[in-house]
Amino acid sequence: MLRIIPFEIRKLVEQPMILLFFIACLSLNTIYILTAGLDQSYLNYVQETELKTGNLVTSDFREKLSNQSTSRKQQRLLTETAELENIFQDYSTEAMGQQIIGFYKIQGAVAERMKTKYEKLTPVASELGEEQAALEVGAAGETMSFFTFIRNRLFRAILGESLIFAILLGLYGSTSERFTKTDMLVMTSKTGRKTQISKYIASLIITSLFYIMMVILTFGIFNHLHPIGSLWQTSMSTLFHINVYIPYLLEVPFITWQPMTLVNYTILSILLGGLLVILCHGFNFLVGIWTNHLFRGFIVFVVIYVVFLGLEQFIYQFGWWNMHSLLMWHPISLWRVQGYWFTEMGPYSIIPWQESIATIINLFLLILGGLLTSKFYATKEVK
């Protein structure tokens, strides 16, 4: 069946909607970048200043900065760095955990597991304290704006577009013969049904290429319009960057499960996002096989998505944290909490690196679902 894959890829690429969707997404991302409202001039000033003062806010940094020529940007930078301190020196992650547990009124076994989670975060905070990560100047007061735009807006847009593409191509890949009315001809034989393997591989290749190209081109355009230079090497845990939990706006330090710079965090997010795209494509390919119709398969996905979101809100309102913690392992939840990936994730996780572990578990479930579907499909009656 491997020799059929190039022909299946060609059939997909020849669909005009694929190119149009790609161009539309890239255009939207470009507009998004152009209208980001980031203060590039201040970032440039801070980076130029770092060459003379160093990137850690110490007394020496403040002294050198004070001796620089007076300007509005200099006064702003002096103000923003005036009271910065190494908060991770003797920082209590247990107290941070108690704050989050109390804020969300989490009780029972989930609260106990979360206490254990925050105890395991203590060595990370100690390491951040030794590295003086909190004192890294980054882009000073603009650090939060740049970091949030990159990880929580720009990448979220890329991931969302790629997941939509994965949904549609996964469904189309397994139901395309229905559109050309060749399903009765192809799928009534054992050999013909095996072409679904080729269709899966072909649609997965196109989906992966879409995601990879969208990442490369979008970040390429961003870096061209907003060259952020050394900001890529700034710690994610600088004091100028915090984790904000909504809807009640609880603010805590941004602590990842191992010290990371912006570039490390972005690369890991891209890799985990790629696995989510593979999951989304795979599960919807299987839905297409079971429903044997693109539109019906899409309706099934929408119903599951809407019911899941409604159930999550219902459970959250009633404080059923045991059920809430189980829902956080679902791929939909993994996408929704993308902005908290690789951190302690507050009320959205009960163990370290939960988003990564949950993704791996879902990949195993996808493989299991594929095996079960292949047995069903081998004897399915084509209508």
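Summary of computed values
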quantity	calculated
Residue satisfying condition, being modelled with pLDDT under 90, out of contact with any strand residue (DSSP E or B) (no Cβ under 7 Å at 6 or more places or on another chain), over 29 Å from Y172 (Cα atoms) and β-branched (V, I, T), within set T35, T70, T49, T53	T70
Residue satisfying condition, being polar (S, T, N, Q), closer than 30 Å to R113 by Cβ, in contact with a Phe, Trp or Tyr (Cβ under 8 Å, 6 or more places away or on another chain) and surrounded by 16 or more Cβ atoms within 10 Å (Cβ to Cβ), within set T93, T81, T53	T93
Those helices (runs of 4 or more DSSP H) lying entirely in region 14-102 with at least 3 residues within 17 Å of A140 (Cβ to Cβ)	40-53, 59-66, 72-80
Members of region 5-30 found to be aliphatic (A, V, I, L, M) and within 15 Å of Y200 (Cβ to Cβ), listed by number	I5, I9, L12
Of residues in region 331-367 being part of a loop (DSSP other than H, G, I, E, B) and without any contact (Cβ under 8 Å) to a residue 24 or more places away in the chain, the one nearest to I150 (Cα to Cα)	V337
Subset of region 59-108 [among the polar types (S, T, N, Q) and closer than 30 Å to L250 by Cβ]	T79, T81, N86, Q89, S92, T93, Q98, Q99, Q107
Candidate set: region 103-112, residues that are in a helix (DSSP H, G or I) and either among the aromatic types (F, W, Y) or out of contact with any helix residue (DSSP H, G or I) (no Cβ under 8 Å at 6 or more places or on another chain) (or both); chosen: the one surrounded by the most Cβ atoms within 10 Å (Cβ to Cβ)	Y104
Residue tally, condition over 14 Å from C280 (Cα atoms) and aromatic (F, W, Y), over region 211-224	2
Hits in region 299-332 - residues which are within 17 Å of K117 (Cβ to Cβ) and of a type outside the set (F, W, Y)	N322, H324, S325, L326, M328
Failed item in (1) on the phi < 0 side of the Ramachandran plot; (2) under 30 Å from the mean Cα position of the chain (by Cα), with E63 passing the rest	(2)
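Residue by residue, here is whether (1) within 30 Å of G339 (Cα to Cα); (2) at pLDDT 95 or above; (3) part of a helix (DSSP H, G or I) holds:
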| position | (1), (2), (3) |
| --- | --- |
| F147 | yes, yes, yes |
| F155 | yes, yes, yes |
| I167 | yes, no, yes |
| S176 | no, no, yes |
| G192 | no, no, yes |
| S203 | yes, no, yes |
| S208 | yes, yes, yes |
| T218 | yes, yes, yes |
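The values are calculated or read from the model by the stated rules, or taken from the named source; none is laboratory data. Since we're looking at a predicted model, the values are computed, not measured. Backbone-built Cβ (ideal geometry, glycine too); neighbour counts: all protein chains shown.
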